[in-house]
Structures are given as C-alpha cells and as structure tokens.
1. Quick one: if you stick a label point 7 Å off each Cα along the C-beta vector at residue 182 and residue 160, how many nm between them?
2. Based on other C-beta atoms within 10 Å, arrange 221, 93 from fewest to most.
3. By how many nm would the segment from residue 57 to residue 115 grow when fully extended, if each residue of separation counts as 0.36 nm and the alpha-carbon distance is taken off?
4. Taking the alpha-carbon set of region 46-224, what are its Rg and Dmax in Å?
5. Between residue 85 and residue 198, what length in nm is gained on full extension when 0.36 nm per residue of separation is reduced by their alpha carbon distance?
6. Give, in nm to one decimal, the length gained when the segment between residue 168 and residue 212 is fully stretched (0.36 nm per residue of separation minus the Cα-Cα distance).
7. Once label points are set 7 Å from the Cα along Cα→Cβ at both residue 68 and residue 49, what is their separation, rounded to one decimal in nm?
8. Got a sec? How would 121, 48, 152 order by Cβ neighbour count within 10 Å, fewest to most?
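Where a number appears in this text, it was derived from the coordinates with a stated rule and is not lab data. Bear in mind that the values here come from a model prediction, so they are computed numbers and not experimental data. Neighbour counts are summed over all protein chains in view; Cβ atoms, including those assigned to glycine, are modelled from backbone coordinates with ideal geometry.
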C-alpha cells in the first residue's frame, strides 16, 4: 500500500509543480492593459512637443527646396482637420486649405518665441505648386493665432513662379518673388513678362504676420517697364 501511495505521489508531484509555475508564468506574461492604453493616448496627444518631434529647428533660409518630405514628417488627417483646414491664410492667394488632400501636408520646422510658438509645413496641391506655410500658436496650446503662405514654387498654363528668402532677424524675413509669364512660349512673340518683387514679412509681438513690398521690377520681352 505504501509503495502504491509513493508511486502516485511521484507521478502527481511533477504535474502539480507544472500547474503552479505555469499559472505564475501566465500572470507575469499577461500585458498591462492600462499601461498600453495610457501610452497610446499620450503619443496621440497633439501639442507643441508633438510638432517638435516631427520637425527640426528653423534654419536661416526660407524656401520649399531644402527638405524632402519623409513618412515620419507627414501631418495626420486628424491634425489637419482639427487645426489647419478651418484657418484662413493672411498671406497668399489661397484662403483655405483642402483637408481632403491630406497626403500633401508635411511638417518642416519650428521656432519658439517668448509669447507664442511657430511651426512651418509644406503643402503640394497636386496640380501646380508646392507652398510653405508658417503658423503661430499660443504658448500653452496649439490654438492658432495666424497662418500665412510665406514661400512657394510652381508652374501652370504659361506661368512659372518662385518665392524664397531668409530670416534677417528673429522675427523678420526678407523675401523675393519671381513670376515669369508666357502664354505660348513662342520666341517669335513679344509677350513674355518677368515680375520680381522684394518684400518683408514681419511677425509682431502677438504672433500676427504682415507683409510689405518694398521694391518691384517688371520686364516685358527683355525691356524694363517698371
């Protein structure tokens, strides 16, 4: 009888040991659901730290040529809908952006000021142009103060254009806009025109943009007309 009990105990002990340790292992391996959810919520929060993580510090030049948009710099549709699509631009011809073309938005750079923050992004409209926008926001949130198109490059229907420049002080950009017009690109017709405008874009202490043209030159078929 003792031998039978010993035999059953020897068989049962490994099984009992396995069940206990397997239960403990599963308890340790089970993911912390609350931690995962909280981490996701934190990463999806839109604030200026989020913008900084998608951009780099603003450099001296102001143009749309210097950075190719990578996947990590793409602006998500939720960000566009919440902050950008309802904003009217104060500089540039296009008053509102098209939120449906969300793949065309790309973060570029940022800059921090004492009373507000600033970030830039590029937008390609899919037909002619790539435009650089500057946005000022409140310090403690992403509530937008002002937005404007500050640089571009493009061509369409007999028009070629570029606008570019540089920061000349902490809150002033010196810009040049060149537009070339030729309806038929026929060298025998004297209808080509080149317009060049120099301007200053200033950001005031509250974060509002203002652009002033200080020089303009126009050529018609190689002859200066203004």
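1. Label-label distance for residue 182 and residue 160, simple model: 0.7 nm.
2. Details: 221 12, 93 9.
Ascending number of Cβ neighbours within 10 Å: 93, 221.
3. On the way: separation 58, 0.36 × 58 = 20.88 nm, distance 1.75 nm.
Gain in length upon complete extension: 19.1 nm.
4. 17.3, 60
5. Numbers: separation 113, 0.36 × 113 = 40.68 nm, distance 2.89 nm.
Gain on stretching residue 85 to residue 198: 37.8 nm.
6. Numbers: separation 44, 0.36 × 44 = 15.84 nm, distance 1.47 nm.
Gain in length upon complete extension: 14.4 nm.
7. The answer from the label model is 3.2 nm.
8. Values: 121 25, 48 18, 152 22.
The fewest-first ordering by Cβ neighbours comes to 48, 152, 121.
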